[in-house]
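Report on the structure given below.
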Amino acid sequence: MIGQAYNSPMVDAPGQGAATSPLLETKLYIPKWRPGLVSRPRLIERLDQGIERKLTLVSAPAGFGKTTLLAEWLAATPASERATGWVSLDQSDNDPALFWAYFITALQTMRSGVGGNALSLLHSPQPPPIESVLTTLINEINAIEDDFALILDDYHVVDAQPVHSAIAFLLDHLPPQMHLVIASRSDPPLPLARLRGRGESIELRASDLRFAPDEAAAFLNEVMGLDLSAADVAALETRTEGWIAGLQLAALSMRGREDVSGFIKAFAGDDRYIVDYLVEEVLQRQPERVRSFLLQTSILDRLSGPLCDAVTDQGEGKGRLEALERGNLFVVPLDDKRQWYRYHHLFADVLRAHAMEEQPDRVPILHRRASEWYEHNGLPADAIRHALAGEDFERAAGLMEPVGRPMMFTGGQETMLGWLKALPDALVGSRPVLSGIYAWVLLHTGQVDAIEPRLRDAERWLETTSDTSEEQEPPLVEMVVVDEEEFRSLPGMIAAVRAARAGAVGDVPGTAEYARRALELLPEGDHLLRGVATALLALAYLTSGDLDAAYGIFADGMASLKLGGDIQHNTSGAYILADIRMAQGRLHEAVATYQQSLQLAMEQGEPVPRGTADMYVGLSELQREHDDLEAATQLLLKSKELGERAAAPDWQHRRCAALAQIKEAQGDLDGALDLLDEAERLYYRTPVPDLRPIAALKTRIRVAQGRLTEALGWVRERGLSVDDDLSYIREFEHVTLARVLIARYRSDRADRSIDEAMGLLERLRKAAEEGGRTGSVIEILVQQALAHEAQDDLPSALEPLERALSLAEPLTGREVEILRLVAAGMRNQEIAEQLFISLSTVKRHIANAYGKLGVSHRTEAVARANELNLL
């Protein structure tokens, strides 16, 4: 709801305008198996058998041919028979948002649009728990009819527990048409024993992948072009124990040697020793220019001709890469055009070690060249990564600052946080804009307690620049600012961060105070941050129960976001405006708000703006209020259909809760509870106040089921009492408490229970009337009627029931007539005399009219009636 939509190619991440990025293409590129390689039919058969299970794990150390085997498996099955996606993982994928963005983008290579809603959730300013994202994704995958597989290669680089936990969750709920393949150097921390015990996985390990003697002979003599005797092949296979990388390195080392048998006898030992020995042999046999090229470019995760030229400060990079591939020198193509390559990981590791050993002073220079190339080619993430690798922290900080704001709002917070933590504290402290960005990403990664020191670092420089006294001593270090526009917005940004922090911890006064300060400080042209601050201020008003102020201010916030180009949040925020109108009992205006928002969304075309699905949830709730359950259900189905492409972060939670209330109205109380359990699991806290807590909704259903003990347990757990101070944020819970007390009276007939319920309801009614919350007034009046009915006092029950029914209807002719007389300045007694009705009748009509208009005074009523053209 709050934040900005960001679609710049500056941040090279999937799903954010980088769909054509060459690096994205290499991440999702499916390696090609060359027919001239050694075929492994016995392993292909094993992989085919595993397709009927949830997981295939290919786990073996480096150099056992995991990637090559999977490429052959895909080549053996036509794409028309089984679609397959591929993700080549690297260290950056420890950011859960990036990991799942690549995961979903790989799915979209097989089925366009799938995962669109889940991707939206990932890129939202406040992403929900990953289980919510995955639940959404799983629902979208269920719409795919054909079987498919997704391969995660190099999974061992992932050490982020949130990613492992999420994969485990996915495997537990994996749709039957999906198959997951994981290739890793080590067993991932997943529930492998459980999957194995249930027959839901198949595993291929080093013992399976080792070359058998006949495979080793075919590889050495046919693929590598040697002419070894059976004895030499057997000796080499024994020395390497069928380890494919060892055989390949040995073959490269033996080219041109006369005493091959002697060479084979000369090395032995474990894998690491063999690699070091053989790579050294391979390097020594290369011309000096090739050797230099290999060592200098070893710092790169991906290689292209122009990039290699920049790093080596030479030409012919493209030609050298092609020659290395032809020579089987551990170069792996990453696209069909042969523009991007990578070194085999094992080979690259040893090359880097040699580079550090031989040229330690030169490695930082190479990283800087790579960083400059990436920067000039519009790939700041890689530019920053190489600057950090080369410990050029000043350069890295300078690159981070311009991309800070977009990454603050688009799910890149974890990556930015990792970069910032890699910088020396003193350097960050000298850069006020970067300190502000640091505070923001800490907020959005849940590290609330760490925010304030970073804000103080930023403020220190603001105080320095504002103090022009001659006596002031110069700072020990100089302030560094790269983005002057961001620096001008910094005071307001700091206040906005503090407002959001206050909202995150439930500090309503603090939220309002800092949001107001942000609006005073932010430049008029900073529409996005002003929109954020305005929306936060509105939510503070909403939490405190001032609905009119909340509505007007929130509408201003949405208009500001729209001016800043953020149509997405302008659309998704409409449901808050409509919810306010529903609370005021102004249902027709709520409908109009949803319809106007839907019209705006439709005008945007494809892709449908995020939040559009929420509009249908809201319209469904309104239809349920009118007891049209069929229409309400159809609108939720429409929401679910759209939700696969366009929904706000908390859409799933709202949709489940809305469907649960339909089930309740249909009498399916168990089904309603199941849905509320799901909604509770999907819920996550946002700055939007939780005015109808799921636990309270579940308690109401338990009351209807006669499960009074559980309902009373909820009351104790929440610490609710009829003597509590009343507030809008807990109004729904207190009305629920009254329902529980009425139910207890029906059970034990204890006068205290009903007296407490009646007293609480009367206090609640007066508070709701004063706050203009007609929707609450209607519900409270119905509960008052039920309290009288529980005491067998039907005549007393009719009065609040009749008033509730009257409030629920549009303005009657008599009410409009009386409003016109009020507008003419007549007093109540004068109106009664002119219309020949009693004074009490006039007062009742006026009270009903005030409730329907959502006002509490004559002047407000006249103004509101004029707005609606009633007078």
Leading residue by the ranking (surrounded by the most Cβ atoms within 10 Å (Cβ to Cβ)) among those in region 74-129 that are in contact with a Gly (Cβ under 8 Å, 6 or more places away or on another chain) and farther than 17 Å from Gly412 by Cβ: Asn117
query: Which pairs have Cβ atoms under 9 Å, sit 6 or more apart or on different chains, and link a residue in region 194-208 that is over 19 Å from Met178 (Cα atoms) to one that is of a type in the set (Val, Ile, Thr)?
result: Leu204/Thr56; Leu204/Val58; Arg205/Val58; Asp208/Val58
query: Residues His367, His376: which one is surrounded by fewer than 16 Cβ atoms within 10 Å (Cβ to Cβ) and either assigned by TED's automatic domain parsing to the domain that holds Val133 or over 15 Å from Leu490 (Cβ atoms) (or both)?
result: His376
- prompt: Does region 68-77 contain any residue that is at pLDDT 85 or above, assigned to a helix (DSSP H, G or I) and closer than 27 Å to Leu388 by Cα?
  reply: no
message: Could you check region 521-546 and list, in sequence order, the residues that are in contact with a helix residue (DSSP H, G or I) (Cβ under 8 Å, 6 or more places away or on another chain) and without any contact (Cβ under 8 Å) to a residue 12 or more places away in the chain?
response: Glu524
query: Is it the case that some residue within region 704-723 is assigned by TED's automatic domain parsing to the domain that holds Glu625, over 30 Å from Tyr551 (Cβ atoms) and touching a residue at least 40 places away in the same chain (Cβ under 8 Å)?
result: yes
message: Can you list residue pairs whose Cβ atoms sit under 8 Å apart, with the first residue in region 754-775 being in the same structural domain as Leu726 (by TED's automatic domain parsing) and under 17 Å from Glu789 (Cα atoms) and the second being open to solvent by 40 Å² or more (accessible area, probe 1.4 Å) and at pLDDT 90 or above? Count only pairs 6 or more apart in sequence or on different chains.
response: Ile754/Gln791
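Somewhere in region 99-109, is a residue more than 21 Å from Thr445 (Cβ to Cβ), without any contact (Cβ under 8 Å) to a residue 40 or more places away in the chain and among the hydroxyl-bearing types (Ser, Thr, Tyr)? Working first, answer last.
First, the residues of region 99-109 that are more than 21 Å from Thr445 (Cβ to Cβ): 105-109.
Applying the additional criterion that residues be without any contact (Cβ under 8 Å) to a residue 40 or more places away in the chain yields 108.
Now restrict to residues that are among the hydroxyl-bearing types (Ser, Thr, Tyr): none.
No, there is no match, as no residue in region 99-109 is more than 21 Å from Thr445 (Cβ to Cβ), without any contact (Cβ under 8 Å) to a residue 40 or more places away in the chain and among the hydroxyl-bearing types (Ser, Thr, Tyr).
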query: Can you name the condition, by its number, that Asp172 falls short on among (1) within 25 Å of Ala679 (Cβ to Cβ); (2) surrounded by 15 or more Cβ atoms within 10 Å (Cβ to Cβ); (3) at pLDDT 85 or above?
result: (2)
- prompt: Do we have Ala71 as more than 27 Å from Pro191 (Cβ to Cβ) and open to solvent by less than 10 Å² (accessible area, probe 1.4 Å) here?
  reply: yes
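Among the candidates Asp349, Asp336, which residue alone is under 18 Å from Ala245 (Cα atoms) and open to solvent by 60 Å² or more (accessible area, probe 1.4 Å)? Break it down stepwise before answering.
On the way: Asp336 fails: under 18 Å from Ala245 (Cα atoms).
Sole residue among the options that is under 18 Å from Ala245 (Cα atoms) and open to solvent by 60 Å² or more (accessible area, probe 1.4 Å): Asp349.
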- prompt: In this structure, does Ser88 turn out to be under 18 Å from Arg655 (Cβ atoms) and among the small types (Gly, Ala, Ser)?
  reply: no
Number of the condition not met by Leu455 [criteria: (1) within 29 Å of Ala389 (Cα to Cα); (2) crowded, with 21+ Cβ neighbours inside 10 Å; (3) modelled with pLDDT under 90]: (3)
message: Looking at Ala512, Ala518, Ala500 in this structure, which one is touching a Gly at 6+ places or on another chain (Cβ under 7 Å) and either open to solvent by less than 20 Å² (accessible area, probe 1.4 Å) or in a helix (DSSP H, G or I) (or both)?
response: Ala518
Single condition Leu171 does not satisfy, out of (1) touching a residue at least 12 places away in the same chain (Cβ under 8 Å); (2) closer than 22 Å to Arg34 by Cβ: (2)
- request: May I ask you to verify whether Leu399 is under 22 Å from Leu89 (Cα atoms) and of a type in the set (A, V, I, L, M)?
  value: no
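Which of the residues that make up region 475-497 are within 19 Å of Glu394 (Cα to Cα) and in a helix (DSSP H, G or I)?
Step one: of region 475-497, the residues within 19 Å of Glu394 (Cα to Cα) are 475-484, 486-487.
Correct list: Glu484, Glu486, Phe487.
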message: Just to be sure I understand, how many residues within region 224-249 are in a helix (DSSP H, G or I) and over 20 Å from His345 (Cβ atoms)?
response: 10
message: Residue under question is Ser186, and the condition is that it be farther than 22 Å from Ile44 by Cβ, open to solvent by 20 Å² or more (accessible area, probe 1.4 Å) and of a type in the set (S, T, N, Q); does it hold?
response: yes
message: Can you say whether Ser253 is assigned to a helix (DSSP H, G or I), among the hydroxyl-bearing types (Ser, Thr, Tyr) and open to solvent by less than 20 Å² (accessible area, probe 1.4 Å), as far as the supplied structure shows?
response: yes
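May I ask you to say which residue of Glu203, Glu222 is of a type in the set (Asp, Glu), open to solvent by 20 Å² or more (accessible area, probe 1.4 Å) and farther than 24 Å from Phe103 by Cβ? Lay out the reasoning, then the answer.
Working: Glu203 fails: farther than 24 Å from Phe103 by Cβ.
The conditions single out Glu222.
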message: Here is a check on your reading of the model: is Gly446 without any contact (Cβ under 8 Å) to a residue 12 or more places away in the chain, in a loop (DSSP other than H, G, I, E, B) and small (Gly, Ala, Ser)?
response: yes
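The values are calculated or read from the model by the stated rules, or taken from the named source; none is laboratory data. Quick caveat: nothing in here was measured; it's all calculated off a predicted structure. Quick reminder, even Gly has a Cβ in these numbers, built from the backbone with ideal geometry, and neighbours come from all protein chains shown. Please note that ligands, DNA and RNA were not included when accessible areas were found on the heavy atoms of the full protein model with its side chains. Shrake-Rupley method; radii C 1.70, N 1.55, O 1.52, S 1.80 Å.
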